[in-house]
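S.K.: I'd like to ask you about the structure that follows.
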């Protein structure tokens, strides 16, 4: 291991920032599903995974080792010796999560309507039907 | 009261939207939407005159001081965007009353106007806010309502188009959120002015460059820059006529504004062009967009789709203006934002009139309409000429500045490209004119001129096309001011 | 009547048919002869007058006696012959462009 | 008098009124417009100007000097004649469209010659193109629709080139004013090219012979008067004494006469003849001396009259018989004697027979060539003027009114047509007999006497023996017969070669696209293969294209953008 670390110093760097790697892996997974799946529901799942990676990114950004929630002491002043972490990223991402939920629900609603109108949620079949309508 | 105008601008439509759902009655919902649009337009006019007279406005939402609170900050650039959006929205809402009754089920009309107001509110919010995360929130408000609006189209393909737009729009918005997050991680602030202050210190940080990349691609997606425009043609084609007119004239414009805000105000022109070489990215894409999309437009048979592709080409002109990285270039781009909104609004509304009467916007279905619907087709012709860039229309003014900007940089081949593509624009506009005026109307159909309820708003925009084509001093003045602000040459 | 092109032009060309020969001149022969004679007289008069009058040429070639007469005659002869040759090169059936 | 209106305004207002009036009222109005315009422009004096500001530049939509005034008078005369000629039009012939378009067209021509800056010039330049296209479309045949479209495209391209050149010029010189341009730099060449298209320079000429014969009988009379003359004006203004014009003009004067000999359609023959006559003017402008410029613009003036007269006579024939092909016509002198005589006056004028107007202007150009030292161009132009006799002097009247009797029996054309032709014929003869009438209007002082023995006699010799050659060839039956045919010209390049090229390129691009896509799939497939193997036999890559491909593009863009920054 020490040999590996001296030969490839970035390995330690990678391991230390594992949270960001999780974000990247999730992001790419979501992206890949978006690209490769033709099923509209699966596409939405992919989109959700993709968005979730961003949520994680924000949350992991706000985390400080040993940090705690920014709750003031009983007299309204910071408690000495306590490490506070910034609450703003979490607040922001709450908003983003709400947005994500809204997006998913609109997407699912559309998928339902598409199923009613086309009888399928497979994109290639929808395309075939559209191509038929065009010709 | 007046000091609250910047936020009222956004809040009024936002509050009226749920009211639409509550009243349920189509006409009442329309009245609310009209009220919201008119309020927004009135406020925008007031704001723009204030901003031009006495400099940028700043408003702290909930009295939380920036950079912690959300600040609404309005200078000449976004005041101008507010005017564009609310002007078009007002014209479209009056057009929509008759058009939507024809194209949307009665039970959904109230919901339509609710979504319309939400979309308007979102677009105005993007323009008004001075907080980058707020931009994302409003972007999603406008986008989600836009998906719903598009899905209300009569053809079932509208659903598929809306779904694809949803996927693409969400990816774009998420990219923007990633960019914002990376910026926040590096600088610890979300306020635009604050970011602009702090970013020069961290130019060399790789995170910032990555943030820039995500923001760029996200904006490109939302503004439908070639080759990320694939969602746009179907969305515009199958959406209800009023929605197409509204979206074409506002949504992409606001996205361009976002691009300008991020890359000029926040990152700064120096970073964008000297460090990131943004011009080297934008220019080829813009030229490719103008050429290939004009060519595609020439080959279309559905006129709505034809104009949709033309929109992508026209966005290319704006991006081309930006890529010149000069005050003149930005003037051209900002000017074209307004002018293109006027022409595409007018054109899509004229098409809405056609759809209202004959139920189709296929080029063959429009044969001989010049005689049957003279006022509608005359509006289309004037709008089309403006699109081509004929003198005395706004299109000419935009192209004039674009060419001046190209020559100023000594890139005359680009000036030539602008001129050549004008001829291509003539070719696709001509195809419609040829069908309408030089082909025989299939005689068995009873077709009359569109009702005044549709024609008046359409012609209002057409007249503006000509008015601002002749008296361009006002629009050019604002655009120049905005360009100077963006280039950092003026406060 | 002018909104239609002449109906003949819509027919396929008579490929291989020899070119239409011009029949007797529509001007009565007697008149044609008089016109020709009158014209011949004009030519002679022009030549004679040209010798009598003092023609001061502006171009060196005009020193050649009867330069203009010769140039006109030879020029037109050449023109007609070259044009006939040109026909071989550029002439196409009348419906050549009709399938546009 | 500074209270004059801008000359074009009279016509545009007239066009507006013509659009809403009918019947006799409109006829009176149509005649009044050029008359009122002429009275108005009579009051316009040199130095008259109307300026306004636009986008920070000073525009000068009206600027009068001797050159523009001469063309101003000419266009009023031409508009008057052509309007009278077209008075008889009925609803079935698209009368409203034709009348309105004609007035707009004439007004635009006036606007163009009085335009003092490039932007105004460009506006009128494009208006000329669009309004005149309607005169071609009004004939309503499939051939006319397509020819009109080709015509419009060429004209619009010319306008675009003009605008491009003008913009570059603004950038170089900081002024929009339209004065001497010259051929230095790209901007000069672009403007030159733009004017060259309108002036029908060799290889840029085919729109003229393609479109003019497709116009309505009355519309072509308007067409023959304005577009090319505006170009001649613009050349005289922007490119005097540009040597290349001498050679371009000589080429223009010569090559069409060969085509004219073998052309069967008499109106197309006239179109060739038109290029030939413009060749003389262009040549004169290229020489650039006072005498040459005078000769060029005087010839433009005369050309409008005699070429108009010839087009009118052929229009009359077409109006009465529906035919314009030499092979279909002949013997019409029996039933249309007046038209025949008027046509012959036009033929004599264009052939530069002494006492007709062509003689008094063409001889100026010929003399100027020798004065300018163009010793080798002079014989070329002399050949070209002999060639004119062949196609315009003899061929047109001969095949229409004499030649083999076609058996067609018709009547004289409507009175208004005869009246218009008579006015033109009188003008031709009047200028021929009293050249001072025209010389007084020319831009430079004139000290030129066409009627000396030497000029007259040499011209008569040239003409007589040129005709002699035709007679001999006719008698020997080696004169080329009139054959129904299409003669290939430069328009072949875009009508045939261009179309083929576009089709082939389109095919090639499509094939390349398919190849590229399959190549891309070939590269991408191994990458995806493992993931797709479990998912059925349908091409999964294809299935995921639509929304998937959009997202893929996003990924590519992002990757490219980031790579671009870090490389």
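Derivation of every value follows stated rules applied to the coordinates shown; laboratory data play no part. Computed from a predicted model, the values in this text were never measured in an experiment. Neighbour counts are summed over all protein chains in view; Cβ atoms, including those assigned to glycine, are modelled from backbone coordinates with ideal geometry.
S.K.: Rounded to the nearest Å, what's the spacing between the alpha carbon centres of the range D:394-440 and the range D:4-66? Just the number, please.
M.R.: 30
S.K.: Using the 10 angstrom Cβ neighbour count as an exposure proxy, how do D:417, B:318, D:366 rank, fewest first?
M.R.: Neighbour counts put them in this order, fewest first: D:366, D:417, B:318.
S.K.: Looking only at other chains, what is the average number of their beta-carbon atoms within 10 angstrom of each beta-carbon in C:47-57?
M.R.: Mean number of neighbouring Cβ atoms from other chains: 4.
S.K.: Which of B:357, B:439 comes first, and how do the rest follow, when ranked by fewest Cβ neighbours within 10 Å?
M.R.: Ranked by crowding around the Cβ, least crowded first: B:439, B:357.
S.K.: Also, I was wondering about something else. Round to the nearest 0.05 the FRET efficiency obtained for residue B:274 and residue B:11 when R0 = 30 Å and r is the Cβ-Cβ distance.
M.R.: Once rounded, the FRET efficiency stands at 0.15.
S.K.: Which angle between 0 and 90 degrees, to the nearest 10, do you get for helix A:88-118 versus the longest principal axis of chain A when only C-alpha atoms count?
M.R.: 10
S.K.: Further question: I need the fraction of alpha carbon pairs in the range D:1-239 separated by more than 22 Å, rounded to a whole percent.
M.R.: Details: 14361 of 28441 pairs.
Roughly 50 percent, once rounded to a whole number.
S.K.: Here is a follow-up. Kindly put B:438, D:356 in sequence by how many other C-beta atoms sit within 10 Å of each C-beta, fewest to most.
M.R.: Listing B:438, D:356 from fewest to most nearby Cβ atoms yields B:438, D:356.
S.K.: Still on this structure: Mind grabbing the base-10 log of I(q)/I(0) for the range D:210-290 at q = 0.20 Å⁻¹? Debye formula, identical points on the C-alpha positions, no solvent, two decimal places.
M.R.: -0.87
S.K.: Among A:105, A:74, A:85, which one moves the most in a GNM of chain A with springs linking Cα atoms closer than 10 Å?
M.R.: Checking each option, the largest mean-square fluctuation is seen for A:74.
S.K.: If each Cα of the range B:1-47 is one equal point scatterer, what is log10 of I(q)/I(0) from the Debye formula at q = 0.15, 0.16, 0.26, 0.27 Å⁻¹?
M.R.: -0.38, -0.43, -0.86, -0.90
S.K.: Starting from a Cα-only point model with no solvent, please compute log10 I(q)/I(0) by Debye for chain D at q = 0.07, 0.09, 0.10, 0.11 1/Å.
M.R.: The Debye formula, applied to the Cα set alone, gives -0.45, -0.68, -0.80, -0.94.
S.K.: Pairing the Cα long axis of helix D:453-475 with the longest principal axis of chain D, what angle in degrees results, from 0 to 90 and rounded to the nearest 10?
M.R.: Its long axis makes an angle of about 70 degrees.
S.K.: What number, rounded to the nearest 500 deg cm²/dmol, is the helix-based mean residue ellipticity at 222 nm of chain B, given -39500 (n - 2.57) per DSSP H run of at least four residues and division by all its residues?
M.R.: Helices in chain B give a 222 nm mean residue ellipticity of -26000 deg cm²/dmol.
S.K.: Another question about this same structure. Please tell me the relative contact order of chain B in percent, rounded to the nearest whole number, where contacts are Cα pairs under 8 Å and at least six residues apart. Intermediate results must be reported in sequence, preceding the final value.
M.R.: On the way: 904 pairs, mean separation 75.9, N = 491.
Relative contact order, chain B: 15 percent.
S.K.: If you don't mind, another one. Rounding to the nearest 10 and keeping the result within 0 to 90°, find how far the Cα-based axis of helix D:7-20 lies from the longest principal axis of chain D.
M.R.: 80
S.K.: Shifting gears a bit: Between the range B:247-265 and the range B:418-436, what is the separation of their alpha carbon centroids in Å?
M.R.: 27
S.K.: Given C-alpha coordinates of chain A, what is the ratio Rg to Rh with the Kirkwood estimate of Rh?
M.R.: Across chain A, the Cα-based Rg/Rh ratio is 1.20.
S.K.: Moving to a separate point now. Cα centroid distance between the range B:285-335 and the range B:368-408, in Å?
M.R.: Computed from Cα coordinates, the inter-centre distance equals 14 Å.
S.K.: Highest mean first, what order results for D:130-138, C:44-52 on Cβ atoms within 10 Å?
M.R.: In decreasing order of mean packing, D:130-138, C:44-52 become D:130-138, C:44-52.
S.K.: Is the range D:58-186 best put as rounded, prolate or oblate by its Cα gyration tensor, with a ≥ b ≥ c the root eigenvalues, rounded for a/c under 1.5, and otherwise prolate when a/b is larger than b/c, oblate when not?
M.R.: oblate
S.K.: In addition: With just the Cα atoms of the protein assembly as shown, tell me how far they stretch along each of the three principal axes, in Å, largest first.
M.R.: 133, 72, 62
S.K.: Can you compute the equivalent ellipsoid semi-axes for the range B:278-491, i.e. the square root of 5 times each eigenvalue of the Cα gyration tensor, sorted largest first and rounded to whole Å? Could you put the intermediate results ahead of the total?
M.R.: On the way: eigenvalues 220, 67, 29 Å².
Gyration-tensor ellipsoid for the range B:278-491: 33, 18, 12 Å.
S.K.: Rounded to the nearest 500, what is the 222 nm mean residue ellipticity of chain D from helices alone, with -39500 (n - 2.57) per DSSP H run of 4+ residues and division by all residues?
M.R.: So the helix-based figure for chain D works out to -23500 deg cm²/dmol.
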